[in-house]
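Q: Sharing a structure below in structure tokens format, with a few things to ask.
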Amino acid sequence: MKKTLLLVESLIALAGIGCGNADDLVSGEPSETLGVASDALTTQNCVPLSTLSVIASGNDGNVPGNTRDDQLGTRWSNFGKGSWIDYDLGSLKTVSGVAIAWHQGNTRASNFSVSVSSDGMSYASVYTGKSSGTTTAAETYSFAQRTTRRVRIYVNGNTLNDWASIAEARVCGTSTPSTGTGVVWRGDFETGDRSQWSKTQMVSADRLQVVPSPARQGNYAIKVTVRQGDNPISASGNRNELVRMTNEKEGDEYFYRWSTMFASDFPSAKTWQLFTQWHHSGNTGSPPVEFYVNGETIYLRVNGSTVVWSTPLVRGQWQDFIFHVKWSSNPGVGFVELYRNGQLVLPKRYAATMYAGQTNYLKVGLYRNSTIVPVGVVYHDGWIQGRSLQDVQ
Ligand SMILES: [Ca+2]
Ligand SMILES: [Ca+2]
């Protein structure tokens with residue numbers, strides 16, 4: 001195999017393309033890339049951060065700054081495994097990946113790793129992988145978000161030789177501080193347990209059971225069972241509920257998505273059965289936001305008094321909800337907006353969504369009037385809280 005490659009290289013060299021010890025010996029790269037030489041770099045799933053400066057372990061005349069000139073026809077090249085290029089972001093930034101357009105990226109796959117450093121002295125490895133080998137366009141490689149100043153890419157050869165050659169590279173971050181946008185929390189049970197939630201209120205573990213089926217999203221959902229007399233917190237009614245300390249404050253605005261399915265034998269009772277509620281931090285009064293069943297109808301009620309939406313109860317089918325809330329005790333500021341099964345069913349409706357001076361938290365499960373006798377089963381899945389509709393879709 002090695003001999004074959006050498007022969008190819010020799011033939012190309014004889015054809016007059018490469019000159020000397022450079023990374024163009026094994027390809028017809030110059031003519032290929034002329035057409036795209038002036039294209040701006042486009043990146044997928046990456047918010048590119050600006051860089052203050054870039055250095056490298058070495059170069060063959062193709063300097064590190066060539067990876068920042070928006071031209072795929074220019075590159076940084078250095079021969080040898082372990083070659084690195086290092087971007088200084090100028091200050092601590094939240095980073096979550098790198099986008100790299102590899103020189104000759106459509107003909108060979110490069111082995112590489114990414115390390116980050118706050119001080120330029122000690123580096124921590126955050127990613128190890130291989131480029132696809134199928135494109136000269138930028139590929140984004142994501143890793144867990146972290147705060148850092150320098151990002152270093154180590155190249156450990158490619159599938160054809162030991163050259164490190166990058167046409168363009170960007171460090172990916174978030175355009176605003178990490179808490180400004182994006183997903184705030186997931187409660188989708190994909191951990192296989194209840195650990196995404198702050199706590200439980202249940203009489204025994206079988207009442208809040210993480211199950212593989214039926215799941216609406218991923219591999220797990222939660223099965224909630226309530227039997228008459230279940231009263232884990234010595235309060236009114238019967239319940240088994242998950243609690244998430246979402247701590248919504250005055251002025252917060254969030255989108256929540258989740259799915260709920262009522263079992264085919266879910267009791268029909270002419271009284272209240274809550275399945276999702278935002279409870280206030282205080283002890284007295286009705287929860288400011290409640291989703292509940294009464295009889296054969298699902299209701300959404302705000303402020304303990306105003307029903308703002310209702311729909312017939314459906315059993316045995318997942319119901320997908322997206323709920324958009326502006327949390328405020330001021331009825332002219334707070335609002336709710338609801339999508340069910342992909343349709344906007346409640347356009348923005350202004351109302352007080354919390355009590356003055358309090359915060360809210362989320363409770364999901366089943367909480368019902370203690371007079372109900374039959375066993376009640378309901379499933380929940382896919383809980384996600386985000387800053388925008390896009391975040392939760
Ligand atoms: Ca370039
Ligand atoms: Ca799930």
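The values are calculated or read from the model by the stated rules, or taken from the named source; none is laboratory data. Source: prediction; values computed, not measured. Quick reminder, even Gly has a Cβ in these numbers, built from the backbone with ideal geometry, and neighbours come from all protein chains shown.
Q: Which of the residues that make up the range 68-83 are more than 11 Å from ligand 1 (Cβ to nearest atom) and outside any strand (DSSP E or B)?
A: Within the range 68-83, 80, 81, 82 meet the criteria.
Q: Moving on to the next point. State all residues of the range 41-63 that are assigned to a strand (DSSP E or B) and of a type outside the set (A, V, I, L, M); if no residue qualifies, say none.
A: 48, 53
Q: Additional query: Which is crowded, with 19+ Cβ neighbours inside 10 Å and over 26 Å from residue 214 (Cα atoms), of 364, 333, 325, 378?
A: Step by step, each of 364, 333, 325, 378 is checked, and only 325 is crowded, with 19+ Cβ neighbours inside 10 Å and over 26 Å from residue 214 (Cα atoms).
Q: Right, something else. Of the numbered conditions (1) modelled with pLDDT under 95; (2) surrounded by fewer than 22 Cβ atoms within 10 Å (Cβ to Cβ), residue 215 satisfies every one except a single condition; which is it?
A: Every listed condition holds for residue 215 apart from (1).
Q: Got at least one residue in the range 96-105 being at negative phi, under 25 Å from the mean Cα position of the chain (by Cα) and not in a strand (DSSP E or B)?
A: no
Q: Mind telling me which of the residues 120, 187 ends up being touching a residue at least 12 places away in the same chain (Cβ under 8 Å) and under 22 Å from the mean Cα position of the chain (by Cα)?
A: That would be 187, the only listed residue that is touching a residue at least 12 places away in the same chain (Cβ under 8 Å) and under 22 Å from the mean Cα position of the chain (by Cα).
Q: Sticking with this structure for a sec: I'd like to check something: does the range 143-153 contain any residue that is at pLDDT below 95 and among the aliphatic types (A, V, I, L, M)?
A: yes
Q: Mind checking which residues of the range 257-271 are in a strand (DSSP E or B) and either in contact with a Leu (Cβ under 8 Å, 6 or more places away or on another chain) or not assigned by TED's automatic domain parsing to the domain that holds residue 243 (or both)? Show your work before the answer.
A: Keep residues of the range 257-271 that are in a strand (DSSP E or B), which gives 257-262.
Passing the criteria: only 262.
Q: Now for a different question. Which of the residues belonging to the range 84-107 are aliphatic (A, V, I, L, M) and within 16 Å of ligand 1 (Cβ to nearest atom)? Working first, answer last.
A: Narrowing the range 84-107 to residues aliphatic (A, V, I, L, M): 85, 89, 92, 95, 98-101.
Within the range 84-107, 85, 98, 99, 100, 101 meet the criteria.
Q: Output yes when any residue across the range 360-383 is away from ligand 1 (no atom under 16 Å from the Cβ), free of Cβ contacts under 8 Å to residues at least 40 places away in the same chain and not polar (S, T, N, Q), and no when none is.
A: The answer is no, given that none of the residues of the range 360-383 is away from ligand 1 (no atom under 16 Å from the Cβ), free of Cβ contacts under 8 Å to residues at least 40 places away in the same chain and not polar (S, T, N, Q).
Q: If you go through the range 105-122, how many residues are surrounded by 16 or more Cβ atoms within 10 Å (Cβ to Cβ), out of contact with any strand residue (DSSP E or B) (no Cβ under 7 Å at 6 or more places or on another chain) and among the polar types (S, T, N, Q)?
A: Matching residues across the range 105-122 total 1.
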